[in-house]
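Quick notes on the structure that follows.
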């Protein structure tokens, strides 16, 4: 049965063709940039023992059935990160992948259950280097699309100037008048994330006029503030939001000057979260503790948990110091072409109801 909005109908495809061809050219030029920097393109398997261990990410899961009819639970990855870090441990130093990734419970103007992630890693370099990569990629996408601005509905962003840098603490202080880091204990043991104080943040949020319910955690309150900030970030120029609280950066290493924050940034363009980068944690013991904490919280909220990938934990101990970044490639194409929905820049989007 044909639906009027099926993407494969010739008149529908004709409406999308220009953006899709631009998508191909942008990908080609990003590949050329990374190749020129000495990166090797890798392919990471989609089926994994663990899909990732972030509390609020939901995976697609399936059973591997052996010839003897034994079953083993596997998951489609939510990111190629675990596989890429294993390759760093194996000896690769500069790698990238255009990886299809899968996230359940995510569908909307900026979300698609399957999307393309560009992820890359630089061994023995700092996360300043991958931030510089991001800035160059924005310029490449804009120049390829023949535009000087990125568009997200009515929001615009100058595509050709260097992004601003803003710390999370400064962003929250500027918008809400809250000293975020004053609600995080300092001087804790390096083997654990500094302990946030939900009561202190709740009191500060209440004084700032932020509505919330009494059962919300420190992370819930923090997320509420970030969501409120997002529409204004990355306009009129792109913004790197840096120095995330350590409790909100399970895969990043602590900042050497303040253990309350981590070497994590997010790139915002015209109000859209586009990329997420880290100075990578490379201590397996700490990594295990953080992922177990994430899964314990997941079990409380959703009644399930994903396994810890033991080979990933072993690889974290063996990988060199590194920095990496994950960029939502479909969203970049949206911004460069002015598309209204992510489906408009995916070659074969999921047809709802089929």
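The values are calculated or read from the model by the stated rules, or taken from the named source; none is laboratory data. Keep in mind it's a predicted model, so treat the numbers as computed, not measured. Positions of Cβ are generated from backbone atoms using ideal geometry, with glycine treated the same way; all protein chains shown enter the neighbour counts.
Only residues that are under 16 Å from the mean Cα position of the chain (by Cα), free of Cβ contacts under 8 Å to residues at least 60 places away in the same chain and within 21 Å of residue 24 (Cα to Cα) were counted across the stretch 81-101, and they come to 4.
Check residue 143 against each of (1) within 23 Å of the chain's Cα centre (by Cα); (2) over 25 Å from residue 228 (Cβ atoms); (3) modelled with pLDDT of 95 or more and name the one condition it does not meet. Just one mismatch for residue 143, condition (1). When residue 264 is tested against the conditions (1) crowded, with 21+ Cβ neighbours inside 10 Å; (2) farther than 29 Å from residue 285 by Cβ, the lone failure is (2).
Residue-wise test of (1) in contact with a helix residue (DSSP H, G or I) (Cβ under 9 Å, 6 or more places away or on another chain); (2) at pLDDT 95 or above; (3) closer than 16 Å to residue 248 by Cα.
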| position | (1), (2), (3) |
| --- | --- |
| 288 | yes, yes, yes |
| 294 | no, yes, yes |
| 298 | no, yes, yes |
| 303 | no, yes, no |
| 309 | yes, yes, no |
| 322 | yes, yes, no |
| 335 | yes, yes, no |
| 345 | yes, yes, no |
| 350 | yes, no, no |
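Just one of the listed residues (332, 350) is in contact with a strand residue (DSSP E or B) (Cβ under 9 Å, 6 or more places away or on another chain) and either within 24 Å of residue 95 (Cβ to Cβ) or assigned to a helix (DSSP H, G or I) (or both), and it is 332. Residue 286 satisfies every condition listed in (1) touching a residue at least 60 places away in the same chain (Cβ under 8 Å); (2) under 15 Å from residue 327 (Cα atoms) except (2).
Among the residues of the stretch 271-286, what is the count of those that are farther than 30 Å from residue 155 by Cβ and part of a strand (DSSP E or B)? So that I can check it myself, show each step before the final result.
So in the stretch 271-286, the residues farther than 30 Å from residue 155 by Cβ come out as 280-286.
Retained after the next criterion (residues that are part of a strand (DSSP E or B)): 280.
Of the residues in that region, 1 qualify.
Taken over the stretch 201-239, the criterion of being closer than 24 Å to residue 55 by Cβ and buried (at least 17 other Cβ atoms within 10 Å of the Cβ) is satisfied by 201, 202, 204, 205, 218, 219, 221, 222, 225, 226, 229, 233.
Going by what's in this entry, would residue 294 be described as surrounded by fewer than 22 Cβ atoms within 10 Å (Cβ to Cβ), under 19 Å from the mean Cα position of the chain (by Cα) and either without any contact (Cβ under 8 Å) to a residue 24 or more places away in the chain or closer than 22 Å to residue 195 by Cβ (or both)?
So residue 294 fits the description; yes.
Pairing residues of the stretch 38-52 that are on the phi > 0 side of the Ramachandran plot and at pLDDT 95 or above with residues that are part of a strand (DSSP E or B) and buried (at least 20 other Cβ atoms within 10 Å of the Cβ), at Cβ distances under 6 Å and at least 6 apart in sequence or on separate chains, gives no pairs at all.
Show me the strands (runs of 3 or more DSSP E) found entirely inside the stretch 10-113 where at least 2 residues are within 16 Å of residue 325 (Cα to Cα).
Working: elements: 61-65, 71-76, 94-102.
Once the strands (runs of 3 or more DSSP E) in the stretch 10-113 are filtered for at least 2 residues that are within 16 Å of residue 325 (Cα to Cα), what remains is 94-102.
Does residue 166 satisfy the condition of being out of contact with any helix residue (DSSP H, G or I) (no Cβ under 7 Å at 6 or more places or on another chain) and under 30 Å from residue 46 (Cβ atoms)? It is false that residue 166 is out of contact with any helix residue (DSSP H, G or I) (no Cβ under 7 Å at 6 or more places or on another chain) and under 30 Å from residue 46 (Cβ atoms).
Could you tell me whether residue 315 is part of a helix (DSSP H, G or I), at negative phi and free of Cβ contacts under 8 Å to residues at least 24 places away in the same chain?
Details: part of a helix (DSSP H, G or I): yes; at negative phi: yes; free of Cβ contacts under 8 Å to residues at least 24 places away in the same chain: no.
No.
Give the residues of the stretch 25-49 that are touching a helix residue (DSSP H, G or I) at 6+ places or on another chain (Cβ under 7 Å) and buried (at least 19 other Cβ atoms within 10 Å of the Cβ), sorted by residue number. 26, 30, 44, 48, listed by residue number. Take residue 137 and decide whether it is crowded, with 21+ Cβ neighbours inside 10 Å, assigned to a strand (DSSP E or B) and modelled with pLDDT of 95 or more. Spelling it out, it is not the case that residue 137 is crowded, with 21+ Cβ neighbours inside 10 Å, assigned to a strand (DSSP E or B) and modelled with pLDDT of 95 or more. Test residue 115 against the stated conditions and say whether it is surrounded by fewer than 22 Cβ atoms within 10 Å (Cβ to Cβ) and within 13 Å of the chain's Cα centre (by Cα). Yes, satisfied. Apart from one condition, residue 281 fits all of (1) without any contact (Cβ under 8 Å) to a residue 40 or more places away in the chain; (2) out of contact with any strand residue (DSSP E or B) (no Cβ under 7 Å at 6 or more places or on another chain); (3) closer than 21 Å to residue 84 by Cβ; the exception is (2).
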